[in-house]
Amino acid sequence: MKLQRAHVLVSVDPETVMAGAKEVEERLIKEIESRGLSDEIKVLETGTLGISGKGVVLVVYPEGIYYVNVKPDDVPKIVEEHLLKGRPVKELMLPELPVRAVKRETVGLTRKQVRIVLENAGVIDPENIEEYIAVGGYEALEKALTSMKPEEVIEEVKKSGLRGRGGAGFPTGLKWEFTRKAEGDIKYVICNADEGEPGTFKDRLILEGDPHKLLEGMMLCAYAIGARKGYIYIRGEYALSIKRMQKAIDDAYKYGLLGEDILGTGFSFDIEIKKGAGAYVCGEETALIESLEGKRGQPRFKPPYPVTHGLWQKPTVVNNVETLANVPSIIKNGAEWYKKFGTEKSTGTKVYTILGHVKYPGLIEVEMGTPLREIIFSYGGGIKNGKKFKAALVGGAAGVFLPDRLLDVKMDFDNLKEYKAVLGSGAILVMNEDACMVDMLFSIIRFFYHESCGKCTPCRIGTRELLELIKKVRKGEGEESDLDKMIKISESMWKSSFCPLGQSLIMPVKSAIENFREEFVKHLDKEFHCENCRR
Amino acid sequence: MKREEILQKYTPELENILFILHDLQDNNPQHYLSKEDLEAVANYLNVPYSYVHGVATFYSMFSLKPRGKYIIRVCESPACHLMGSSNIIYELAKLLGIGIGETTSDGLFTLELSSCLGVCGVAPAMMINDEVYGNLTPEKIRQIIEEKRRER
């Protein structure tokens, strides 16, 4: 990075662009130029800063002051007052610094955020490879290629305890080892960036905010398992992610970090982007592989697993974006360092999206094992508009509804299992007292009904039956036995569906009906008035 | 761009089929894949027509019906649903006088539902072509539609 006395970071993501980030950025550059400050102050585009619903967001470093809801006409004032005269513009500053936006220097306070995956997101210019390198990027790759054997890389990842962040939580190092040991000369790395779990956009922020970190993670995986080709499968809706990722790949080739004989070590690796076209089921690894091969994205029978029979029947690692983005830090700092974060069996951090009726919707990265209550009430700022908390849907649509009495659950793979819940994609949808559980469950079932791929009968028919039943209850035409029937159907789907799509509907169905049964029973009465269900 | 030119951008391998279909659809002023498109892809990749049809109908981003100049895709995922997306869909249907999956008779708007757009922080949200709109209210919807009508 060149030395300047101040940096202004403009958060550029679909949300802020919509609010006029590009116009604000243009104006900033113009105003800074017209005051002759261009050599002293640099304006940078960055990924999201984790602040949502607050319009255009800027941060001025070195002070780390956040400005929100910035309009182009506010720019002259910020430039004149803050950048020129050093007096921050109070009325535009974030009134109450949400905990998630705590400056990194203050990590260590009780409400700390630990940023490993997102350490650079919102700090560096994601379109500039030099900035990534300047903050220590590609050091892990260099270390691995020059001083570690592939087996040692796998061993380090195994020791770190890293588990898959896509939902299933499978030990990453083990997956790599299986693939390395699988027979065959041709092996593949696939990054699953088909982020479709409702309420989740953590992977988008990594793709847009720190694309090189993901590339480095893939390179380390390729070196470890012996692959020379990798694919990033990005969902078709993520236009900006595709653009940023492609730029990062192009730059990596220019710098000799991709292609033949990388860093003169004899290791060669290529990465290509593949674009999805709107199918939730493609987030399932075998469906994703089918789609990548140019077919309808329907899941395959397992076993054999992708580690032995993956893309074009070759041994393949499929890892989630967040999983891969953890790897560079593990290799650079060592497994022992990584294990200091999180719990014994769920090491490291987790990125969450907090949404719904909270004061600060957005994104945080905290240690594994952080209690859900703390995430919602400290980081999310609690319920907005003075309303009461009612429920949290944890883990996306394929997640569970938790009432207040279950909020003390610690968020890690094993603790959640005890609550029959899952970490899933890390989406936390918070509902206040006005939300209707029947209506929310209807929305979830409708989603699954739409996304069921039709391959297996339990899921294809089961989702349809569930939709009919919940519609009946919604309209006040249901009977109490319908509620039990819904649980029974979802149980059968869990036992007999082909892939996790059909298998996971039991979680929202059962948790909603069991934890909020009273509300469901009320809906059975035709005369019951519900703002959400009956209009 | 002509159909043949688009095809030639890609090697005739099956793994490129989604890219090709995207590209053909994006270059069609009516934002859809015609029968001729599918036939050309089948020939180019040397697979049966039924295969291409099967792939094109599996993915929700592809349409085999002509669509409007502006494709409105309202997110109906639970996060947006909680924040009132049903009101938004109702308002749009009323304003445009069409149902979901339909196109206005002037060929300007097509109304569709979409799964999570990944901008849940500003729910309820929708996309018009490649542009995202969030924190929607019925009032905001009326303004946006009016603006688009003027732009035509």
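The values are calculated or read from the model by the stated rules, or taken from the named source; none is laboratory data. Note that the coordinates shown come from a computational prediction; the quantities given were computed from them, not determined experimentally. Reconstructed Cβ throughout: ideal geometry from the backbone, glycine too, with neighbour counts over all protein chains shown.
Structure notes:
- Residue list for region A:351-377, filter: within 21 Å of A:CYS436 (Cα to Cα) and within 14 Å of chain B (Cβ to nearest Cβ): A:ILE354, A:LEU355, A:GLY356, A:HIS357, A:VAL358, A:LYS359, A:PRO361
- The residue pairs whose first member lies in region B:102-118 and is within 14 Å of chain A (Cβ to nearest Cβ), whose second member is basic (Lys, Arg), and whose beta carbons are closer than 9 Å, counting only pairs six or more residues apart or on different chains, are B:GLU112/B:ARG67; B:GLU112/B:ARG73; B:LEU113/B:ARG73; B:SER114/B:ARG73; B:LEU117/B:ARG73; B:GLY118/A:ARG204; B:GLY118/A:ARG235.
- Residues of region A:442-456 include at least one that is surrounded by 15 or more Cβ atoms within 10 Å (Cβ to Cβ) and more than 14 Å from chain B (Cβ to nearest Cβ).
- Restricting A:GLY184, A:GLY167, A:GLY136 to those that are closer than 13 Å to A:VAL321 by Cβ and in contact (Cβ under 8 Å) with a residue 12 or more places away in the chain reduces the list to A:GLY167.
- Here A:LYS202 qualifies as crowded, with 24+ Cβ neighbours inside 10 Å and of a type in the set (Lys, Arg).
- Hey, A:VAL509 β-branched (Val, Ile, Thr) and farther than 30 Å from B:THR57 by Cβ or not: no
- Qualifying residue in region B:75-86 (condition: surrounded by 19 or more Cβ atoms within 10 Å (Cβ to Cβ), more than 8 Å from chain A (Cβ to nearest Cβ) and of a type outside the set (Gly, Ala, Ser)): yes
- Residues of region A:70-84 include none that is outside the structural domain of A:ARG165 (by TED's automatic domain parsing), at pLDDT below 85 and crowded, with 17+ Cβ neighbours inside 10 Å.
- Helices (runs of 4 or more DSSP H) completely within region A:200-302 that count 2 or more residues being closer than 18 Å to A:PRO328 by Cα and touching a residue at least 40 places away in the same chain (Cβ under 8 Å): A:202-209, A:211-225, A:239-254
- When restricted to residues that are in a loop (DSSP other than H, G, I, E, B), more than 8 Å from chain A (Cβ to nearest Cβ) and surrounded by 17 or more Cβ atoms within 10 Å (Cβ to Cβ), region B:120-137 contains 3.
- Checking A:GLY53 against (1) crowded, with 23+ Cβ neighbours inside 10 Å; (2) under 22 Å from A:VAL351 (Cα atoms), the condition it does not meet: (1)
- Tally, over region A:254-293, of residues that are touching a Leu at 6+ places or on another chain (Cβ under 9 Å) and closer than 30 Å to B:ARG73 by Cα: 14
- The residues of region A:457-486 that are of a type in the set (Ser, Thr, Tyr) and surrounded by fewer than 21 Cβ atoms within 10 Å (Cβ to Cβ), listed by number, are A:THR457, A:SER481.
- Selection over region B:31-49 of residues that are in a loop (DSSP other than H, G, I, E, B), surrounded by 14 or more Cβ atoms within 10 Å (Cβ to Cβ) and without any contact (Cβ under 8 Å) to a residue 60 or more places away in the chain gives a count of 4.
- Positions within region A:130-161 being within 23 Å of the chain's Cα centre (by Cα), of a type in the set (A, V, I, L, M) and more than 19 Å from A:SER268 (Cβ to Cβ), in sequence order: A:VAL135, A:VAL157
- Criterion applied to A:ALA391, A:ALA397 was being over 20 Å from the mean Cα position of the chain (by Cα), within 14 Å of chain B (Cβ to nearest Cβ) and among the aliphatic types (A, V, I, L, M), and the one residue passing it is A:ALA391.
Here's the yes/no breakdown for (1) of a type in the set (D, E, K, R); (2) surrounded by 24 or more Cβ atoms within 10 Å (Cβ to Cβ); (3) not in a strand (DSSP E or B):
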| residue | (1), (2), (3) |
| --- | --- |
| B:GLU91 | yes, no, yes |
| B:ILE100 | no, no, yes |
| B:ASP106 | yes, no, yes |
| B:GLU112 | yes, no, no |
| B:GLY118 | no, yes, yes |
| B:GLU139 | yes, no, yes |
| B:GLN143 | no, no, yes |
| B:ARG149 | yes, no, yes |
